[in-house]
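Enquirer: Got a structure for you, questions after.
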Amino acid sequence: MRYLPLSDTDRGEMLARIGVDHVDELFADVPKNLLLKEPVDLPRRKGELEVERILSRMSARNIPASSVPFFVGAGAYKHHVPATVDHLIQRSEFLTSYTPYQPEIAQGTLQYLFEFQTQVAALTGMDVANASMYDGSTGTGEAVLMAHRVTKRRKAVLSGGLHPHYADVVKTLSDMASDETVILAPDVAGTEDILSQIDDTTSCVVVQTPDVFGNLRDLKPIADKAHQHGALLIAVFTEAVSLGLLTSPGSQGADIVVGEGQSIGNALNFGGPYVGLFATQSKYVRQMPGRLCGETVDADGNRGFVLTLSTREQHIRRDKATSNICTNSGLCSLAFTIHMTLLGEAGLTRLARINHANAVKLADQLAGVKGVEVLNRTFFNEFTVKLAKPAAEAVERLAEKGVLAGVPVSRLLPGAGLDNLLLVASTEVNTDDDRAAFVAALKEVL
Amino acid sequence: MLNRQGRPTTPRAHGVADPAAGMGDQAARLQGDATRAAGPAGGSHPTFTGNKALAQVEPLLFEIGRTDTTGVDLDEPEDFAPRLGGLERREPIGLPGLSEPETMRHYVRLSQQNYGIDTGLFPLGSCTMKHNARLNERVARLPGFADVHPLQPVSTVQGALELMNELGRYLVTLTNMTAVALSPKAGAHGELCGMMAIKAAIEAKGEGATRNVVLVPDSAHGTNPATAALIGFRVKPVPAREDGWVHVEDVKERLGPDVAAIMLTNPNTCGLFEPQVAEIAKAIHDAGAYFYCDGANFNAIVGKAKPGDLGVDAMHINLHKTFSTPHGGGGPGSGPVVLSERLAPFAPVPFVRAGKDGFELVEQESDAAEKPFGRMTAFHGQMGMYVRALSYMLSHGADGMKQASEDAVLNANYIRAGLSDLLSLPFGDKPCMHEVLFDDSWLKDTGVTTLDVAKAMIDEGYHPMTMYFPLVVHGAMLIEPTESESKSSLDLFIATLRDLAFAAKNGDTERFTGAPYHAPRRRLDETRAARSPVLKWTPPAPVAEAAE
Ligand SMILES: Cc1ncc(COP(=O)(O)O)c(C=O)c1O
């Protein structure tokens with residue numbers, strides 16, 4: 001087997017050195033009747049060529065985003081990732097290292113984490129960011145738990161504009177922990193009355209902007225009302241590029257900002273791995289979940305970085321820890337930070353403007369199609385359209401015509417009576433031809 | 001006079017009064033920066049730059065980048081009427097950029113300050129740092145896996161669903177369990193998933209209010225008690241015994257109508273297989289509770305024993321350990337959970353199901369015939385890791401996976417045999433599984449600690465073992481070589497540790513307490529980092545202010 005360096009001669013010599021005759025003597029503690037005599041019922045080993053063939057065949061049964069006019073979003077976005085990013089994250093020293101427990105030989109990881117934390121804090125307008133969560137949805141669940149610790153209350157109010165998967169993740173966790181969650185009705189127009197839901201028992205309000213229907217939400221009044229009642233505002237985003245163009249959640253008064261960083265540096269990957277961004281104010285740092293990288297000096301007085309404030313974490317605090325998270329999204333945060341470095345502020349803000357411009361163009365063109373109504377007053381790179389027929393059906397027919405048109409709202413919110421609504425996203429990857437193809441196909445389908 | 005790393009320079013040696021003069025913006029800016037960027041370990045022959053040939057010093061991005069620099073060519077869009085409703089950003093962000101060649105150098109230089117499996121032996125116990133085949137990287141990047149969206153029509157991702165289904169079949173077969181929940185994002189998330197399934201099953205039986213205690217051995221990883229507590233269970237410890245094993249009578253003593261589950265790691269964190277595991281499982285089941293198994297150490301027994309045969313109800317599998325998806329400096333991982341027949345109905349959404357027209361994806365609780373407890377994450381989990389893990393399994397096959405486990409166990413025992421006369425084995429000199437645990441009693445009266453030994457190993461070119469875990473032995477050193485090491489590699493490693501052991505015992509404490517001497521940094525001050533946390537870069541104070 002190509003991955004196993006020991007030869008049979010080596011094995012024999014090693015067993016002799018250990019003082020046993022057969023390797024199974026080393027498995028003596030496994031109950032005799034449970035030690036398998038034969039290999040399990042799976043195929044035997046295969047060469048590289050054969051494995052690649054099998055997996056290529058499976059891959060070929062999927063339609064990649066790059067191969068068609070592509071407008072699917074709803075929490076994961078197709079962006080162009082520069083070749084440099086994928087090259088760098090595959091360097092052995094990044095790819096094959098562990099969590100930086102031995103900082104003297106992990107400064108590469110630690111320095112980029114410090115830079116990543118600085119970038120995320122700047123982008124969100126917050127004081128501190130952690131070294132990543134698994135993704136935006138699990139990060140949101142953790143943010144709610146953190147708010148409960150800070151406020152010593154146990155009721156979260158979730159906006160009807162929060163991505164339904166995110167709401168489900170929060171609700172699953174909260175139900176299990178016997179905490180209360182109030183989930184507002186789906187808020188297609190972005191006009192829900194969330195303020196009246198906030199009272200002195202509220203721990204936190206969770207508001208996504210741009211919301212799942214694409215609307216931009218003014219967080220300031222929500223933050224003010226939450227703070228009047230001693231509650232926290234958790235601001236959520238699923239499209240990190242939007243922060244290049246929109247006023248930061250921090251500047252609007254958010255106490256915790258959490259979101260999905262996939263758009264920067266990371267491929268679609270059919271849903272994962274992605275990277276959760278998590279930021280808050282300095283005063284709450286000790287209630288934060290996840291790893292934190294901090295600056296220090298070495299024995300010679302040189303600057304260096306280490307994982308720090310670990311008394312919050314499971315390996316020290318065990319059942320009193322702020323979270324159970326251990327492994328996070330290291331390499332995805334590296335991809336994020338490299339892409340962000342390539343973009344810089346000038347590139348990020350321009351990328352965001354291009355995304356917005358493309359979405360505006362698309363919205364205007366779709367609005368001209370009979371049987372299509374664009375519902376949003378505001379949006380960034382994604383919006384909701386109302387079709388003359390069920391969106392799931394239309395999307396299926398459009399796929400047959402080679403256009404991946406978006407996400408039917410019914411896929412996320414079945415039974416909500418929103419069957420004719422379609423979420424449509426447009427990023428820098430879309431061309432005039434893509435838009436023309438979409439419009440033409442849609443005319444045929446409706 | 002400071003050079004660009006902020007270290008004092010000796011201008012006279014270079015024959016100029018101010019070597020930074022005329023060097024442009026960057027050098028000038030760094031002149032005023034009171035923060036000290038680091039140079040490699042000191043010593044003789046100082047250089048002007050602080051670099052030591054291939055050992056390059058790299059300032060922070062924020063010290064070399066500019067907000068008006070970009071390494072990406074994009075055209076400004078034509079004029080259009082924005083739809084931002086007055087919520088556009090007015091304040092600058094403060095994100096510096098670099099051109100592409102500068103970016104390449106920044107990260108290549110950083111990478112060179114890291115140790116990876118490809119660098120050398122990485123015996124980090126409990127972490128299974130095995131070879132990461134590049135075939136797996138290649139196939140994970142096939143467009144049909146990497147460039148598909150989780151919410152595009154199911155009819156356009158049949159191959160992706162087939163892959164998930166196939167991975168699930170492999171995991172269920174290797175463990176002899178009934179079902180698998182693929183979506184958890186890492187080991188700890190898998191623990192949470194398994195414990196949620198247990199909680200749901202208990203609630204379904206109407207015992208939710210009364211069964212709220214989880215037994216956790218003291219040797220368990222911190223994620224176990226943290227997970228149980230996260231969803232409202234009370235943790236009751238099971239103390240460690242002299243022999244490193246959990247005893248069935250210690251478990252029985254703590255069992256009662258209030259116990260929901262035990263979280264047992266097997267093979268355990270002391271590197272030992274739990275010989276009474278079947279009896280423990282029976283006792284747990286007889287008491288109406290569930291057996292959660294932490295499968296972080298599955299690498300010792302893949303193809304040798306099936307957890308389902310041992311009475312396990314739920315077990316997470318770290319694909320980023322056992323099935324070699326790269327650790328990537330701290331993730332991403334993937335923690336699928338296999339479930340017994342008793343727990344299978346409670347598996348969370350989403351899951352893949354074979355339908356009459358191909359594979360279906362069950363995303364809503366209402367679409368499931370079973371009783372899913374909810375959802376762990378947006379979308380469907382770590383597809384990128386699924387592809388890599390399946391590639392590993394197809395490559396090894398049933399025969400190769402069994403051989404890998406045997407080699408992993410053989411390698412650990414070979415290290416044990418090579419060191420047992422010098423280092424101390426807390427539970428006696430008996431066979432271990434895929435990792436061998438030493439304590440620090442061999443260091444008694446040497447003035448050297450486990451931490452010092454770890455740092456001295458760095459100087460010898462090794463990544464240290466896991467230190468101070470598990471907590472049940474003093475000064476733990478947990479060594480897991482994995483099956484990826486050759487005999488000659490192990491021989492040199494053993495010889496090195498023997499040399500270190502002699503040095504410690506012969507009073508050469510300086511080799512340890514000052515270590516590392518040869519790493520990109522000397523020993524870092526972790527206390528200082530925690531006492532006054534600096535968690536992001538902030539611009540240096542203007543010079544005038546700094547002078548006050
Ligand atoms: C025994 C044990 N359990 C659980 C975990 C947690 O796994 P993860 O880091 O993937 O969340 C680890 C890994 O560090 C471990 O060693």
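The values are calculated or read from the model by the stated rules, or taken from the named source; none is laboratory data. Fair warning: this is a prediction, and the values are worked out from it, not measured in the lab. For neighbour counting, all protein chains shown are included, and Cβ atoms are generated from backbone atoms with ideal geometry for every residue, glycine included.
Enquirer: Examine segment B:333-352 for a residue that is on the phi > 0 side of the Ramachandran plot and either more than 16 Å from the ligand (Cβ to nearest atom) or under 30 Å from the mean Cα position of the chain (by Cα) (or both), and state whether such a residue exists.
Expert: no
Enquirer: Tell me yes or no: at least one residue of segment A:67-85 is at the interface with another protein chain (Cβ under 8 Å from one of its Cβ atoms) and of a type in the set (F, W, Y).
Expert: Yes, that holds for at least one residue.
Enquirer: Something else about it: Residues B:E480, B:E485: which one is of a type in the set (D, E), surrounded by 21 or more Cβ atoms within 10 Å (Cβ to Cβ) and in contact with a Gly (Cβ under 9 Å, 6 or more places away or on another chain)?
Expert: One residue alone meets the criteria, B:E480.
Enquirer: Here's another thing I want to ask about it. Before we move on, is B:Y468 outside the structural domain of B:A240 (by TED's automatic domain parsing), within 25 Å of B:P217 (Cβ to Cβ) and modelled with pLDDT of 95 or more? Break it down into steps so the answer makes sense when it comes.
Expert: Working: outside the structural domain of B:A240 (by TED's automatic domain parsing): yes; within 25 Å of B:P217 (Cβ to Cβ): yes; modelled with pLDDT of 95 or more: yes.
It is true that B:Y468 is outside the structural domain of B:A240 (by TED's automatic domain parsing), within 25 Å of B:P217 (Cβ to Cβ) and modelled with pLDDT of 95 or more.
Enquirer: Also: Could you tell me whether A:E104 is at the interface with chain B (Cβ under 7 Å from one of its Cβ atoms) and more than 30 Å from A:R291 (Cα to Cα)?
Expert: Judged against the criteria, A:E104 is not a match.
Enquirer: Something else about it: Please go through segment A:118-175 and give me each residue that is assigned to a loop (DSSP other than H, G, I, E, B), in contact (Cβ under 8 Å) with a residue 60 or more places away in the chain and touching a Leu at 6+ places or on another chain (Cβ under 6 Å), ordered by number.
Expert: A:N130, A:A131
Enquirer: Okay, next question. For A:L49, indicate whether it is assigned to a helix (DSSP H, G or I) and either of a type in the set (K, R) or more than 8 Å from chain B (Cβ to nearest Cβ) (or both).
Expert: yes
Enquirer: Something else about it: Checking the structure you have, find out if any residue of segment B:77-99 is β-branched (V, I, T) and farther than 17 Å from A:L243 by Cβ.
Expert: no
Enquirer: Is there a residue in segment A:161-177 that is acidic (D, E) and within 18 Å of the chain's Cα centre (by Cα)?
Expert: Our first condition is that a residue be acidic (D, E); within segment A:161-177, this holds for A:168, A:175.
Next, from what is left, pick out any that are within 18 Å of the chain's Cα centre (by Cα): A:168.
Checked against the condition, which is being acidic (D, E) and within 18 Å of the chain's Cα centre (by Cα), segment A:161-177 yields at least one hit.
Enquirer: Please determine whether any residue of segment A:286-307 is assigned to a helix (DSSP H, G or I) and surrounded by fewer than 24 Cβ atoms within 10 Å (Cβ to Cβ). It would help to see each step written out before you state the result.
Expert: Here is the first cut: in segment A:286-307, the ones assigned to a helix (DSSP H, G or I) are A:286-287.
If we keep only those that are surrounded by fewer than 24 Cβ atoms within 10 Å (Cβ to Cβ) as well, we get A:286-287.
Yes, the conditions are met somewhere in segment A:286-307.
Enquirer: Can I ask one more? What helices (runs of 4 or more DSSP H), lying completely within segment B:212-316, carry at least 2 residues that are surrounded by fewer than 24 Cβ atoms within 10 Å (Cβ to Cβ) and away from the ligand (no atom under 13 Å from the Cβ)? Step through it out loud before you land on a result.
Expert: On the way: elements: B:223-230, B:248-254, B:277-286.
So the answer is B:248-254, B:277-286.
Enquirer: Could I ask something else about it? Quick check on segment B:160-180. Is at least one of its residues facing chain A (nearest Cβ under 10 Å), within 23 Å of A:V170 (Cα to Cα) and in contact with a strand residue (DSSP E or B) (Cβ under 9 Å, 6 or more places away or on another chain)?
Expert: The answer is no; no qualifying residue exists.
Enquirer: Which members of segment B:417-451 meet the condition of being of a type in the set (D, E) and surrounded by 24 or more Cβ atoms within 10 Å (Cβ to Cβ)?
Expert: Listed by number, the list holds a single entry, B:E435.
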